[in-house]
């Protein structure tokens, strides 16, 4: 389908916005009135600029406080509308958004509002313009989609329709059913935005309310699907304003925005085709419209390789993994024969220490080593991750795995992700009970966290869960888990919010390996003098107060410095951490019992405080 | 009165928090359970640390989900409470906060809740402990102060009282009247927090909800006043958690916190003494309690001196002011005879260019010149600003004004403020209609904006207004105006929220001078080729659409590049701007007509866009 975006969704001056939008291959823009007013270009030059960039102006917006007003105020606002219609003529725009009033003179009178909307619509018709009337979620009297719909139906003009804005509609608790029976040609425009955990609860007030579809929690797909089923064939246009977007690089925002629309189309297609839920398929309702169809996301993605960039001759990082029980392949080099590359194995856990100086993609990942420079992700036979990445505008480049050339991309956090690498076999030598990665943690900056969610979601098909928040001695930590429907690639985004000037490292910062019999492994590690994160004694007193574990277990946990959690169904988690290595990453070892599915969130504040107090390895 | 603060209000590890709190001269702390659990110190060592620092532990908090639960869950939580009472014994704490339940097993049964509170209270009494029961604003069933009060009255134990938390009480729409008739000894604890524009409106969701009293909008003074009038003599204790505080330097936070309590006491005293509103005085109700009594804030503060640090021989800055009509005093040096100091005057506007290299206080204000290094503030005969600053813990140091020694302090934004400087006389030579400063703008970082509000509020007695928000091409701008009851010192805080990595300058960035006949002045400046900020043509089309000014006026505004606004009462604003000088500051010239009181907010987006697009002078 045709794809658009509001200029208000992008930061920068209007010319910078338009360039970024064109570069992300959008078809059209919603032109924000204030952007026109602030631009030195002037309307005719803006129109030329859009044309040169191949962008249509699908909407001029917004016309505020135009209808639903006392008659005297309406007269002045109709004059205002005529002036803005002149501006639209100069811009070559033919469609305008009229939003419901928040003016002190607004009236609770649907009949009068419809009459005024009809009057404005008649003036618009003289210009050949269409109006899309929108119920702002915070409109004084008109704030529900159904109200706007009834007013539009009452005005009953061919050039006056309703605007479906997924944010305004869903934020007020309405859903796709609010559109039932609406003809497609009554939908004058579809504006798309998602939102993070909308709640009136003061506990969860959030600085960011809107985000691109799929980054938040709203059923954007449901609403857009019904519009398309009803016959709407206009653009799918993003109108997102959030603090994050206002501060972000406009080119990054435009690309993120485009990906979110492509992925939305893919999901609509899969639903209509019954790919994800065959029993729910309704092929008769599949609209005749072209929808994005990339190679599918892998059903069960896994991380097979963790590639650590180390300084040549770095014996400390090697020693760290050795102390955890990892052993190097014979000769210290991998079978591909690449020099400076040491493959370390511990049961199913595999880590590669890479001392090469020519890691091409890793420029921005800071020269300081060690750090996790790359991970290798595998899909299944049907998935073609490089082609999928390309289709979703994630740049694909060549990288190396030992002596092999592989195709790779880079997550917004700066981690190189190999898309067709060679899984490394588990250790053939010894199995001391370490399993593969249970989850992998990415340290993310707040302002790129939505983009990182998009990466794992659109490319790998992982589904984001809710955001948890923890107090960190140096600020706050927000955490968001992404998991696939099947498979083991759980990603935890660790979103650090720190004081200005406190440097943060972004990239893979947590390698969490599953194991069996964690308490036995902890005995071995403690016995060997492996450096593990200390746990304050008061933690165990609190554990006793909270969960009242068996005294023998409590005393063993306390002696070994193992953290513990229990869920309501009796599932249990045992886990331990290493200190931070060079401030960059740490290893967690964990055992899940009885179907425990969480990540030990109750223990996170203690872990953060201890990490802040413990010197780096 | 006794002053305390919750450890949860301060960032850092517990030992860092305690040190910062002690350094700010608090009497006591509310000890946050999670801080104890995360601390490697252990309870006995924490108790010793507090004692060594001279801090009492006035409260252990919180005991969550303790009462108002199904009986089976209550049994387990009573066990939990017993364990935490043991911890309190080890800490030497004797008072605990019990907050209303948010547990899935919470019940809507005040009688049962009172019974359970009584049962916990009986156990607490065995230890000699007092409980303070608090209605969390988001408690499942108990979320209003009156509910908690009735439950406490029903439990009716000497050691069980109600906690008055100004945030929870005021956030739910209750006010001081909710405390009517409550005996002081039923108030077991007073927790104090203010909040920024609490609103359930999604438009105004805010990242920061709590702040120190006086920084926000809640009637904290009213609630605390009633508690003290009722006979409460326990500590006034701050419990503030916000994103900002979590990210801030703990020492800064602790000092800000202390000042807010001192100022709260001063305001209570003035109210009881009828200083501010003699007719409202009620001396009979003035409690017998010691209250902070510093030299008063000036009734009508003014800014008399603006001191710009310039590089030696900086002819560009001199040329900039000359082009605006400023002229240098004879000889280029001021009457005090200090070298390298040029006094520039334009009617009532006075600016000093200071090329000395030994500006002692200005280390942190960046070496790069020009920038506004200092302002001089004057009060009235009764005010003693240096003594007031000292009493409020704003550090007072010596500075120079020409050859004179003056006492000065520094605002959190880094501006040196002279407290007893010598006002410089207005120009005796020529008066071309320039007046003095209408307002002065400070560029502030988000994380220090509450602190800057505190500075102007506590030291100078300015009153903060609401926060406005604007879109800036590079991010957002929040703006907050502070004004005195009388006098001309209006301060506008320009709080820039930018993308990470975009450098921001903090300090005075706007000098806004009043004038008469602004259009005539604009003619003169345009005629002289003075560099003024360009205004896009589209702005005047929009102005016509919005305000429909007289065509002759519109055409003159357009020709001169003057911005215009009109308020609902017909008051008018005419104003113009210079481009940014060295990225540091700009001059605004403005004329108010017909009682216009605003600052031209409608024109701010255009000004910001034009400043971003216009090269610096």
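The values are calculated or read from the model by the stated rules, or taken from the named source; none is laboratory data. What you see is a predicted model; the values in this text were computed from it and never measured. Note that we place each Cβ from the backbone using ideal geometry, even for glycine, and neighbour counts take in every protein chain shown.
Okay, here's what the table says:
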| quantity | calculated |
| --- | --- |
| Which numbered condition residue B:392 misses (of (1) at pLDDT 85 or above; (2) closer than 20 Å to residue B:511 by Cβ) | (2) |
| Residue satisfying condition, being within 27 Å of residue A:310 (Cα to Cα), outside any helix (DSSP H, G or I) and modelled with pLDDT of 90 or more, within set A:590, A:525 | A:590 |
| Matching residues, the range A:540-557, being in a helix (DSSP H, G or I) and more than 10 Å from chain B (Cβ to nearest Cβ) | A:551, A:552, A:553, A:554, A:555, A:556, A:557 |
| Filter result for the condition that a residue is touching a strand residue (DSSP E or B) at 6+ places or on another chain (Cβ under 7 Å), in contact (Cβ under 8 Å) with a residue 24 or more places away in the chain and assigned by TED's automatic domain parsing to the domain that holds residue A:605, over A:451, A:512, A:528 | A:512 |
| In the range A:456-478, residue nearest to the other protein chains (Cβ to nearest Cβ) [restricted to those that are closer than 29 Å to residue A:347 by Cβ and crowded, with 19+ Cβ neighbours inside 10 Å] | A:456 |
| Selection within the range A:124-137 - within 14 Å of chain B (Cβ to nearest Cβ) and surrounded by fewer than 24 Cβ atoms within 10 Å (Cβ to Cβ) | A:136, A:137 |
| Checklist (1) away from chain B (no Cβ under 14 Å); (2) touching a helix residue (DSSP H, G or I) at 6+ places or on another chain (Cβ under 6 Å); (3) modelled with pLDDT under 85; (4) crowded, with 18+ Cβ neighbours inside 10 Å applied to residue A:222, failing item | (4) |
| Residues of the range A:115-138 satisfying the condition of being assigned to a loop (DSSP other than H, G, I, E, B) and within 21 Å of residue A:220 (Cα to Cα) | A:135, A:136, A:137, A:138 |
| Residues being at pLDDT 80 or above and within 14 Å of chain A (Cβ to nearest Cβ) - total across the range B:496-511 | 1 |
| Residue that is touching a residue at least 40 places away in the same chain (Cβ under 8 Å) and more than 14 Å from chain A (Cβ to nearest Cβ), where the choices are B:583, B:595, B:570 | B:583 |
| Odd one out for residue B:523, checked against (1) in contact with a strand residue (DSSP E or B) (Cβ under 8 Å, 6 or more places away or on another chain); (2) more than 14 Å from every other protein chain (Cβ to nearest Cβ) | (1) |
| The range B:392-405, residues that are outside any strand (DSSP E or B), out of contact with any strand residue (DSSP E or B) (no Cβ under 6 Å at 6 or more places or on another chain) and surrounded by 18 or more Cβ atoms within 10 Å (Cβ to Cβ) | B:392 |
| Any hit, the range B:147-155, residues being within 23 Å of residue B:60 (Cβ to Cβ) and not in a helix (DSSP H, G or I) | no |
| Evaluation of residue A:92 against (1) farther than 30 Å from residue A:46 by Cα; (2) more than 14 Å from chain B (Cβ to nearest Cβ); (3) in contact with a strand residue (DSSP E or B) (Cβ under 9 Å, 6 or more places away or on another chain); (4) surrounded by fewer than 24 Cβ atoms within 10 Å (Cβ to Cβ) (one fails), failing number | (1) |
| Residue satisfying condition, being crowded, with 18+ Cβ neighbours inside 10 Å and at pLDDT 85 or above, within set B:350, B:305 | B:350 |
| Residue tally, condition free of Cβ contacts under 8 Å to residues at least 40 places away in the same chain and out of contact with any strand residue (DSSP E or B) (no Cβ under 7 Å at 6 or more places or on another chain), over the range A:1-17 | 3 |
| Some residue of the range A:362-373 being in contact with a helix residue (DSSP H, G or I) (Cβ under 9 Å, 6 or more places away or on another chain), part of a loop (DSSP other than H, G, I, E, B), surrounded by fewer than 15 Cβ atoms within 10 Å (Cβ to Cβ) and modelled with pLDDT of 80 or more | no |
| Qualifying residue in the range B:101-123 (condition: more than 14 Å from chain A (Cβ to nearest Cβ) and under 17 Å from residue B:30 (Cβ atoms)) | no |
| Residue list for the range B:10-58, filter: more than 14 Å from chain A (Cβ to nearest Cβ) and over 27 Å from the mean Cα position of the chain (by Cα) | B:48, B:50, B:51, B:52, B:53, B:54, B:56, B:57 |
| Residue among B:441, B:433, B:402 that is at pLDDT 85 or above and either in the same structural domain as residue B:492 (by TED's automatic domain parsing) or over 20 Å from residue B:299 (Cβ atoms) (or both) | B:441 |
| Checklist (1) within 27 Å of residue B:445 (Cα to Cα); (2) surrounded by 22 or more Cβ atoms within 10 Å (Cβ to Cβ) applied to residue B:573, failing item | (1) |
